[in-house]
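**Q** Let me begin by handing over the structure; questions about it come next.
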Amino acid sequence: MNKIPDATPEIREQIHAEAVADRVRSIRERIAAACERAGRSPEDVTIVGVSKTFPMQAIESGKASGIDHLGENRARQLRDKALQRPGRFKGGDVIWHMIGHLQTNKAKFVARHADWFDALDRLSLAKELNERAAKNNRVLPCLVQVNVTGEEQKYGLDPSAVHDLLDRCAQYEHLAVKGLMAMGSFVEDPEDVRGEFRKIRELFETYDATNNPRVDMEELSIGMSNDFEVAVEEGSTMVRLGSAIFGPRDYE
Ligand SMILES: *Cc1c(COP(=O)(O)O)cnc(C)c1O
């Protein structure tokens, strides 16, 4: 079954290249201003355009605005989109990130089609992804997902278990752990997630990767449409933006 949503006339208008270009321009300005406040360079912040639930035209519009990194949260939808527009590790010109919770039995889709896996949250999944990546003769860049909000979120690793998982990933030659990812709490005032972002940044900065050949702490993926400026101020290197780029979605 094809998992790529249809382009209705309303959605077509919403994700039209010019509409997307306008939103991306304003997002880049806001990122630059947040960088300025934090004494950072905007070049150190990558935008991942979250194309989930949107048709292929969203990807073309994003690409036309310089968005090369794309995020999907369902393995089958990522596969179907990547079959139409392959990622960089297959010679394509976009970089597919699987950003959502992954059931172990769908690890094969990620190993075959995703450039990055941004939601690694358990050792058993690391083991499976490593085996699948080996079968595909590749190394899969990953981010470890941390649950910094406590009870609210189902997914992500408890902060106290993060460094241990990173240590254990040393055995997986077909994984390259590049950093951490988290989602902030859903709150009205983005200021309220600053503490959560500081918590993950501390975990990010205090991991000693010198003796771990599989880990390089390069990327901190925090910040979504509602809180990306606070995330950039707190050190985000990858913001994952869906509605801010493509407009509202009907469903997650
Ligand atoms: C949907 C999603 C996003 C983007 O959400 P927006 O609020 O539309 O920016 C980012 N990260 C993850 C893991 C998501 O599932």
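The values are calculated or read from the model by the stated rules, or taken from the named source; none is laboratory data. This is a predicted model, so every value here is computed, not measured. Keep in mind that these areas ignore ligands, DNA and RNA; they rest on the heavy atoms of the full protein, side chains included. Shrake-Rupley method; radii C 1.70, N 1.55, O 1.52, S 1.80 Å.
**Q** Normalising by the residue count of the chain, find the relative contact order in percent from Cα pairs under 8 Å and 6+ residues apart.
**A** 19 percent
**Q** Also: Rounded to whole Å, give me the distance from the Cα center of the range 21-96 to that of the range 176-252.
**A** 15 Å
**Q** Oh, and also: Rounded to the nearest whole Å³, what is the per residue volume of the convex hull around the Cα atoms of the range 181-250?
**A** 96 Å³
**Q** Could I ask something else about it? Using all alpha carbons of the range 9-245, what is the percent of pairwise distances in each 10 Å bin, ordered from the shortest bin to the longest?
**A** Calculated P(r), rounded to whole percents: 8, 33, 37, 20, 2, 0.
**Q** Test of understanding: what is the full-extension gain from Lys199 to Val187, defined as 0.36 nm times their sequence separation minus their Cα-Cα distance?
**A** 2.6 nm
**Q** Here's a follow-up. Can you give me the convex hull volume of the Cα atoms of the range 1-92, divided per residue and expressed in Å³?
**A** Convex hull of Cα atoms, per residue: 103 Å³.
**Q** To continue, here is another question. Might you tell me the accessible area per residue for the chain, computed with a 1.4 Å probe and given in Å²?
**A** Here the per-residue accessible area is 46 Å².
**Q** Also, I was wondering about something else. Hey, any idea what % of the chain's accessible area is carbon plus sulfur with a 1.4 Å probe?
**A** The value for the chain is 45 percent carbon and sulfur by accessible area.
**Q** A follow-up question, please. Show me, for the range 19-24, the HN-Hα J-couplings you get by feeding each phi into the Karplus relation (A = 6.51, B = -1.76, C = 1.60, θ = phi - 60°), rounded to Hz, glycine and proline as x.
**A** With the stated coefficients, the range 19-24 comes to 5, 5, 4, 4, 5, 5 Hz.
**Q** How high is the relative contact order of the range 6-84, in percent, with contacts defined as C-alpha pairs under 8 Å that are six or more residues apart?
**A** Reported as a whole number, the value is 36 percent.
**Q** Semi-axes of the equivalent ellipsoid of the range 101-150: what are they in whole Å, largest first, if each equals the square root of 5 times a C-alpha gyration tensor eigenvalue?
**A** 20, 10, 9
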